[in-house]
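The next block holds one structure in the form of structure tokens; read it before the comments.
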Protein chains: 2
Amino acid sequence: MRIENQNPIDWRFSERAAQLQSSFIREILKVTQRPEITSFAGGLPSPATFPVEVMRAAFDKVLSEQGKVSLQYGPTDGYPLLREWIANSLSTPDSKILPEQVLMTSGSQQALDLLGKVLIDEGSKVLVETPSYLGALQAFSVYRPNFVSVATDEHGLAPQSLPAIADGARLLYALPNFQNPTGRSLSLARRQELVETCARLGLPLIEDDPYGALNYRGEPAPKLLNMNPDGVIYMGSFSKVLTPGIRLGYVVAPLPLARRLELAKQATDLHTAQLTQMVVYEVVKDGFLSQHIPTIRKLYGDQCQVMLNSIEQYFPEGVQWTRPEGGMFIWVTLPEQIDAMKLLDRALENNIAFVPGAPFYANEPAKNTFRLSFVTVPPEKIRAGIEVLGRLIKEMMAA
Amino acid sequence: MRIENQNPIDWRFSERAAQLQSSFIREILKVTQRPEITSFAGGLPSPATFPVEVMRAAFDKVLSEQGKVSLQYGPTDGYPLLREWIANSLSTPDSKILPEQVLMTSGSQQALDLLGKVLIDEGSKVLVETPSYLGALQAFSVYRPNFVSVATDEHGLAPQSLPAIADGARLLYALPNFQNPTGRSLSLARRQELVETCARLGLPLIEDDPYGALNYRGEPAPKLLNMNPDGVIYMGSFSKVLTPGIRLGYVVAPLPLARRLELAKQATDLHTAQLTQMVVYEVVKDGFLSQHIPTIRKLYGDQCQVMLNSIEQYFPEGVQWTRPEGGMFIWVTLPEQIDAMKLLDRALENNIAFVPGAPFYANEPAKNTFRLSFVTVPPEKIRAGIEVLGRLIKEMMAA
């Protein structure tokens with residue numbers, strides 16, 4: 001029965017497939033699975049925060065009461081009650097978000113892919129922060145845009161730099177809250193300036209917001225979405241506030257774009273699992289997140305403070321770092337002559353991992369930067385790991 | 001706080017977004033949700049076949065015993081034990097399939113999208129059956145190929161027509177088992193000729209096989225994959241043998257392609273839900289499908305026979321139809337002057353729905369064709385509905 005394969009296939013991949021590279025982070029994560037490693041590299045939430053029993057009970061309830069519906073094909077745009085819940089939770093007295101604007105996605109990574117599919121042609125100008133989220137660069141890259149890096153300063157994205165570079169741009173992609181990788185958040189004044197500038201330029205503004213609810217001080221900042229629902233595309237996710245392994249996110253878009261995204265989603269994977277959406281609705285509908293999120297804030301906030309204190313104590317003069325008030329990451333800038341890749345080699349020899357900053361830049365990388373995550377490592381290991389890192393940095397600076 | 005939007009966004013979509021159309025089937029399905037409609041239009045499996053209690057128990061077990069792992073991010077290629085189970089279930093003594101060849105996807109629709117992403121450039125020649133699966137045409141269309149229709153006869157795809165048209169083609173997409181929409185299956189001799197021809201031409205051959213296990217007579221036919229694992233890309237799914245709402249499929253590819261598909265998947269949605277994969281592994285690992293699939297075969301096989309008998313009884317001379325031995329669909333060819341869209345209008349007035357054949361053609365549509373599904377309608381309604389359809393066809397033929 002087996003056929004002799006006379007002409008082995010000479011695979012011809014698409015030009016876009018040539019852009020595909022494995023995420024550097026995912027490669028590092030493979031190395032850092034070893035238990036002796038203290039890993040500040042991960043972008044994974046802490047499993048200590050997963051409400052396993054609540055999820056188990058919700059799966060049980062939905063499958064017991066609505067088994068056949070939950071296991072059947074569902075609508076492309078998502079489970080109506082969950083879309084309505086999301087629209088309500090995002091609405092403010094000033095800006096009403098409609099369920100029709102909400103498209104459920106398989107994690108917010110899929111929203112990035114769909115946005116790329118619908119908005120980016122080969123060579124399209126796409127504006128991104130400096131640095132920006134690696135997964136977004138990866139998702140958009142497939143559609144072969146021309147990335148233009150928007151200047152940032154210590155307060156994050158600098159809106160005043162936009163008019164000079166925005167001409168013909170298809171979109172601006174930003175993470176205004178506790179940005180990945182820098183941990184920076186935009187001030188209220190800067191948010192207003194950013195949204196006003198984009199509105200004036202007619203430039204679609206993507207607000208990627210996986211960490212917005214994870215603020216460790218004060219109240220969450222207002223969303224860009226609510227400042228201009230006609231011009232802002234909002235991306236949210238249940239990964240950081242509930243659990244990531246269920247792959248559930250959403251994108252909220254002005255109606256003409258929402259409809260295109262829905263069509264793209266239909267061609268891409270028909271719809272996101274109906275069962276998962278019904279279960280998450282069951283979990284969130286009576287306010288579970290408002291009790292649950294404070295427990296995540298407490299855990300991450302304490303660990304963030306431990307890491308900041310340790311950095312203050314152990315990192316030498318000449319090193320700079322961000323002081324995030326939420327999210328998962330601290331961003332470190334070494335003296336210019338020090339290459340964070342080389343520091344990583346030495347750190348791994350000492351069983352410590354982090355992510356070098358270079359892959360987060362769409363254009364010229366700052367090789368003297370790196371990202372630290374504080375969410376999955378307990379306080380005593382944070383202190384010990386940062387102490388070692390501090391020593392290694394001092395040694396490299398002395399050399 | 002709300003910003004005045006002086007310049008409403010003039011949305012500029014990508015050129016590929018212009019290709020996006022809603023599936024005609026999904027549009028019809030919206031019409032046919034009404035309870036008074038007898039719908040032969042759906043491609044949905046019958047919820048009567050969903051093993052709800054087995055799924056409920058498996059979710060409960062996985063979440064009770066491995067809650068934190070199942071709810072965390074997982075590997076892009078999928079849950080290792082399920083990939084191994086799939087590789088083993090597809091292996092034969094002659095052809096061993098490796099777990100590394102298996103990529104888990106969010107339904108097999110996503111495998112189509114990933115294959116398009118990795119293999120199709122704008123203008124690439126892509127060979128498809130005449131007619132072919134609408135969802136595949138839709139998924140590939142996004143990447144703007146040049147579709148070339150491969151001739152078919154009453155036995156399905158005609159391999160002898162390939163050498164004249166295959167030059168430079170990126171792939172041939174085929175459903176050899178109980179094809180959607182025609183219900184046709186390739187004979188053993190034709191399978192061998194097809195696989196040999198593609199191997200000789202160095203032409204990658206995609207075997208899409210959602211219905212292969214749903215054979216109502218005899219043994220399942222050998223898979224093209226096992227005839228030439230180095231040249232055949234195989235797509236499978238749990239949608240038709242377990243449940244579709246969980247969105248779980250897989251693609252099995254020669255290693256160089258499998259690696260590219262994994263990278264494309266990473267950029268697209270990181271990975272498919274870890275929990276779902278662990279639950280499905282829990283369900284299938286001890287042989288559940290070998291008891292469960294025969295119950296689906298019995299239900300669908302009986303309804304298929306009722307529909308074939310009713311067509312025999314009620315459809316007038318001059319109408320032709322396929323006699324599938326498995327799957328979900330019967331394909332009807334009317335006399336050439338009769339437009340199935342017009343028949344649909346009259347059928348809907350009589351509360352009966354089906355899917356006209358035209359959207360299943362990549363190039364010139366045969367407007368006198370339509371597809372009937374027999375899986376979700378009980379026998380007495382099949383008989384009554386087919387009787388009405390027969391009457392309407394007779395009236396149109398007489399006019």
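The values are calculated or read from the model by the stated rules, or taken from the named source; none is laboratory data. No experiment lies behind these values; they were computed from the predicted model shown. FYI the Cβ positions are ideal-geometry reconstructions off the backbone, even for glycines, and counts take in every protein chain you see.
Among what's in region B:1-20 and is touching a residue at least 40 places away in the same chain (Cβ under 8 Å) and not in a loop (DSSP other than H, G, I, E, B), pick the residue that is surrounded by the fewest Cβ atoms within 10 Å (Cβ to Cβ). Give the derivation first.
Of the residues in region B:1-20, the ones touching a residue at least 40 places away in the same chain (Cβ under 8 Å) are B:15-16, B:19-20.
Still in the list and also not in a loop (DSSP other than H, G, I, E, B): B:16, B:19.
Numbers: B:ARG16: 20, B:GLN19: 16.
It comes out as B:GLN19.
Tell me whether region A:316-337 contains one or more residues that are farther than 15 Å from A:THR38 by Cα and either part of a helix (DSSP H, G or I) or at pLDDT below 95 (or both).
Within region A:316-337, none of the residues are farther than 15 Å from A:THR38 by Cα and either part of a helix (DSSP H, G or I) or at pLDDT below 95 (or both).
Being touching a residue at least 12 places away in the same chain (Cβ under 8 Å), farther than 20 Å from B:GLY116 by Cα and outside any loop (DSSP other than H, G, I, E, B) is the filter here; which residues of region B:174-194 pass it?
Result: B:LEU188, B:ARG190, B:ARG191, B:GLN192, B:GLU193, B:LEU194.
Just the residues that are among the hydroxyl-bearing types (Ser, Thr, Tyr) and at the interface with chain B (Cβ under 8 Å from one of its Cβ atoms), please, taken from region A:20-71.
A:SER22, A:SER23, A:SER64, A:SER70
When region B:345-375 is examined, which residues are found to be closer than 29 Å to B:VAL128 by Cβ and out of contact with any helix residue (DSSP H, G or I) (no Cβ under 8 Å at 6 or more places or on another chain)?
Within region B:345-375, B:ASP345, B:TYR361, B:ASN363, B:GLU364, B:SER373 qualify.
Which of the following residues is among the charged types (D, E, K, R) and either within 14 Å of chain B (Cβ to nearest Cβ) or touching a His at 6+ places or on another chain (Cβ under 9 Å) (or both): A:ASP113, A:ASP153?
A:ASP113
So the check is Cβ under 6 Å with 6+ separation or different chains; which pairs have a first residue in region B:30-48 that's touching a residue at least 40 places away in the same chain (Cβ under 8 Å) and a second one that's part of a loop (DSSP other than H, G, I, E, B) and among the basic types (Lys, Arg)?
So the pair list comes out as B:PRO45/B:LYS240.
Just wondering, is there one or more residues in region B:114-127 that are of a type in the set (Asp, Glu), under 21 Å from B:GLN21 (Cβ atoms) and surrounded by 21 or more Cβ atoms within 10 Å (Cβ to Cβ)?
no
Among the residues of region A:51-62, are any free of Cβ contacts under 8 Å to residues at least 60 places away in the same chain and part of a loop (DSSP other than H, G, I, E, B)?
no
Checking the condition surrounded by 16 or more Cβ atoms within 10 Å (Cβ to Cβ) and farther than 13 Å from B:VAL377 by Cα, which residue from B:SER46, B:SER39, B:SER23 passes?
Only one candidate qualifies: B:SER23.
Tell me the residue from B:GLY390, B:GLY385 that is more than 26 Å from the chain's Cα centre (by Cα), part of a helix (DSSP H, G or I) and of a type in the set (Gly, Ala, Ser), please.
Within the list B:GLY390, B:GLY385, the selection yields B:GLY390.
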